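Taken together, the values in this text are just the output of simple stated rules run on the coordinates, not laboratory data. Please read all numbers here as calculations on a predicted model, not as lab measurements. Because the Cβ atoms are built from the backbone with ideal geometry, glycine has one as well, and the counts that use them run over all protein chains shown.
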Amino acid sequence: MGPDEELAELTAWQRELRAQFPIITSHPELAYLDSAATAQKPQAVLDAVHTYLTTSNANAGRGTYPWANRTTELVERTRRRVKEFLGDPAPEQSGVHFVSGTTEGLRAVARDWLGSYLTDGDEILVPYADHEANLTPWLEAQHLLAERGTGIRVLGLPYQAESGDYDHRAFAGLIGPRTRFVAATHIHHVYGGDMNVHRLREAVGPEMPICLDAAQSIGHLPVSVAELDVDFVVFSGHKALALPGAGAVWARNSPVRGPEFRPGGWQGTPNTVGIASVEAALDWLDAAGMDRIVSWTTALAARLTDGLRHLAPYEILGCQASLAADSAVQRRHGIVSFRHHGIPSDDLGFILFSNGFMVRADSLCQAGADEKGASVRVSVHAYNTVEEVDRLLSVLASLA
Ligand code: PLP
């Protein structure tokens with residue numbers, strides 16, 4: 001099925017979902033196209049937060065009266081829920097650690113796990129053109145280790161110039177006897193492409209730990225840790241329809257791939273309200289159907305990309321080839337970034353907002369990107385419509 005047939009088939013389903021987002025339905029004059037930055041929240045998530053705060057609010061793991069017990073149970077239940085949502089094949093072995101978001105989660109892996117595991121002369125491979133959040137923690141770990149007299153080498157994952165995907169052939173050449181760890185990204189936050197992490201697994205073999213930044217995939221497409229065969233999955237609740245300030249690190253804890261992940265130090269009070277929102281968001285996403293959500297958002301992105309390709313002054317970043325949902329080439333998810341040859345991206349962002357479109361227009365927190373690298377990013381979720389994409393295309397065409 002092509003993207004347009006897919007959109008037609010899902011229209012009624014999508015209309016019902018969209019109606020569940022109060023901020024969207026109360027602003028019909030605006031189109032929110034910045035879900036890669038943060039996603040809007042369905043009524044079910046707002047209700048869950050309200051219910052928790054008005055029936056059970058207490059601290060977790062620190063009391064024995066019913067509200068405290070219910071809060072402790074909420075945290076434990078949400079841990080189990082995260083594992084289930086990720087299709088965890090061995091939940092009795094894995095761990096879920098709640099953090100404020102992907103940035104803090106990746107830093108926790110770098111500080112509390114990687115730092116204790118590497119020895120002098122070890123090498124790690126990390127992405128240098130993905131999100132800053134997936135580069136800085138590894139460099140900080142290198143710095144901390146150096147202060148303790150342990151020198152490690154940090155190598156950059158190689159990229160294909162055309163698509164923005166990792167260059168898996170060049171990658172294989174970087175693996176050596178001292179390679180101990182790989183950090184990668186599931187869906188690129190600028191190019192929208194699936195970074196095909198299974199090819200990294202093929203190249204490194206079954207015993208290498210891989211940490212995956214899943215900020216742009218959890219809540220956007222089905223994610224199976226069994227299929228991905230990675231060791232850490234780190235995500236932000238706010239990009240998956242939950243509240244800001246609540247995310248998670250899922251750790252496989254496979255004994256052949258390094259020590260168990262044990263977050264260090266005193267942990268303090270967890271963000272119980274945020275955790276309640278994560279549970280409700282995962283329930284909502286499963287009920288809505290992750291397969292349908294990914295079909296819808298991928299088809300919208302394909303429609304936008306195909307429209308933009310016919311507008312001469314625009315340059316699409318990342319994969320340029322056929323982007324249809326069933327295409328054999330790299331598959332683009334719900335993110336399309338582009339530039340206009342004659343209009344600076346920040347100006348284009350203002351022009352689009354003056355026409356009712358909320359998009360991101362800057363260097364997108366991409367590691368290594370500066371102001372010259374600015375672009376406009378359109379990112380969609382289940383609440384976006386074909387009509388919004390078509391209206392955006394006609395405004396972009398009027399600027400051609
Ligand atoms: N990684 C990727 C791929 C992202 O897109 C983002 C946010 O945009 C992050 C990490 C950081 O997420 P947070 O700001 O929620 O910590």
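Okay, here's what the table says:
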item: Protection proxy ranking of 356-365, 52-61 - average other beta-carbon atoms within 10 Å, highest first; result: 356-365, 52-61
item: Placed amide H near Gly61: partners under 5 Å, 5+ positions off or other chain; result: Thr72
item: Backbone HN-Hα couplings from phi across region 122-136 [Karplus 6.51/-1.76/1.60, Hz, Gly and Pro as x]; result: 5, 10, 10, 10, 9, x, 10, 10, 9, 6, 3, 4, 9, 10, 3
item: Dimensions in Å of region 47-287 - Rg and Dmax from alpha carbons; result: 18.2, 59
item: Taking region 342-385 and dividing mean pair separation by its residue count, relative contact order in percent (alpha carbons under 8 Å, at least six apart); result: 35
item: Whole-Hz ³J(HN,Hα) from phi, Karplus 6.51 cos²θ - 1.76 cosθ + 1.60, for region 166-174, glycine and proline x; result: 5, 8, 5, 6, 5, 4, 4, x, 8
item: Relative exposure of Lys239, Lys83, Lys41, judged by other C-beta atoms within 10 Å (fewest first); result: Lys83, Lys41, Lys239
